[in-house]
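J.: Can you read through this structure? Questions will come right after.
The values are calculated or read from the model by the stated rules, or taken from the named source; none is laboratory data. Here the structure is a predicted model, which means the values were calculated and not measured. All Cβ positions, even for glycine, are placed from backbone atoms using ideal geometry, and neighbour counts span all protein chains on display. Ligands, DNA and RNA are stripped out before the accessible areas are found, and what is left, the full protein with its side chains, is counted by its heavy atoms. Shrake-Rupley method; radii C 1.70, N 1.55, O 1.52, S 1.80 Å.
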Amino acid sequence: MLRSIFIASAILLAAPHAEAGCLPYSDARVQAFDEMVSADPANAARAINEAIARTQEGASADARTLAGLYAVLAQAQSSLELDVQARAAASHGIVLLPQKGGRLYINLLAMLAGNTYDNAGVRASIDEVSTALDGTAAESPEQACLLIVRGHLHHQAEQSDQAIMDLTRAY
C-alpha cells in the first residue's frame, strides 16, 4: 500500500500542467498545431487564432475543425498561463460539438478542467469529468486521460485519497 501511495504521489508531482492534448487529434491540421504548441506556444496561439478566423470566414466552416482549433488554442493559452482565455477557448470548442463524448470532447474537457482553480469550479469539473468517464471503455486511452484529469482535480480539492486512486488506475 505504501508503495502505491509513493508511486501515485510521484506521478502527481511529476505530471505536467495540462499543456498538450491528452489524446491525439484526428484532424491533421489540428494535430500539427498541437505539436507547434509544445515547441512555441506564443507563436502557435497567433497562428491558431488566424486559422480560426479563416475557418470562420469560410462558407463551409466545419464545427469539428473549429472545435479542434479551439482545443489547441486552449492548450497554447494554458502553456502561457492565460487560464481565463484557455477556459474560454475550451468552452467555445465544447459548444461547437453536437454531443458530448469522443476524443475531441475529452481534450476540450481536459483543458477546461485543467485551467479551473476556484473551489466551486473544481467540484463542478470533478462531476463533469466523472460523467465523461462513465462513457469510456475500461483501460482505454480515453479513460486514462480522464482519470489523470480527475486525479489532478481531486488533488486541487485536497482529496489526496481520491487523487491517488485515480492516478494509480490511470497509470
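J.: Can you spot a residue in the stretch 104-111 that is touching a helix residue (DSSP H, G or I) at 6+ places or on another chain (Cβ under 9 Å) and more than 24 Å from His154 (Cα to Cα)? If you could, list the steps in order and put the result at the bottom.
T.: Step one: of the stretch 104-111, the residues touching a helix residue (DSSP H, G or I) at 6+ places or on another chain (Cβ under 9 Å) are 104-111.
Then keep just the ones that are more than 24 Å from His154 (Cα to Cα); that gives none.
Checked the stretch 104-111: no residue is touching a helix residue (DSSP H, G or I) at 6+ places or on another chain (Cβ under 9 Å) and more than 24 Å from His154 (Cα to Cα).
J.: May I ask you to list the residues in the stretch 23-35 that are open to solvent by 70 Å² or more (accessible area, probe 1.4 Å) and not hydroxyl-bearing (Ser, Thr, Tyr)?
T.: Pro24, Ala28, Arg29, Glu35
J.: Only one of (1) modelled with pLDDT of 90 or more; (2) under 17 Å from Met111 (Cα atoms); (3) among the acidic types (Asp, Glu) fails for Glu19. Which number is that?
T.: For Glu19, the failing item is (1).
J.: Conditions first: (1) among the aliphatic types (A, V, I, L, M); (2) in contact with a helix residue (DSSP H, G or I) (Cβ under 9 Å, 6 or more places away or on another chain); (3) farther than 23 Å from Tyr70 by Cβ; (4) assigned to a helix (DSSP H, G or I). Ala120 passes all but one, so which condition is the exception?
T.: Failed condition: (2).
J.: Residues that are open to solvent by less than 10 Å² (accessible area, probe 1.4 Å), touching an Asp or Glu at 6+ places or on another chain (Cβ under 7 Å) and closer than 20 Å to Gly135 by Cα, at least 1 per element: which helices (runs of 4 or more DSSP H) completely within the stretch 40-115 meet that?
T.: The helices (runs of 4 or more DSSP H) meeting that bar are 103-114.
J.: Sort out which residues of the stretch 123-137 are among the small types (Gly, Ala, Ser) and either under 16 Å from Gln162 (Cβ atoms) or surrounded by 13 or more Cβ atoms within 10 Å (Cβ to Cβ) (or both), and write them in order of number.
T.: Residues satisfying the conditions are Ala124, Ser125, Ser130, Ala132, Gly135.
J.: Which of the residues that make up the stretch 138-171 are outside any helix (DSSP H, G or I), free of Cβ contacts under 8 Å to residues at least 40 places away in the same chain and open to solvent by 60 Å² or more (accessible area, probe 1.4 Å)? Don't jump to the end; show me each part of the working.
T.: Restricting attention to the stretch 138-171, the residues satisfying the condition of being outside any helix (DSSP H, G or I) are 138-140, 157-159, 171.
Subset that is free of Cβ contacts under 8 Å to residues at least 40 places away in the same chain: 138-140, 157-159.
Passing the criteria: Ala138, Glu139, Glu158, Gln159.
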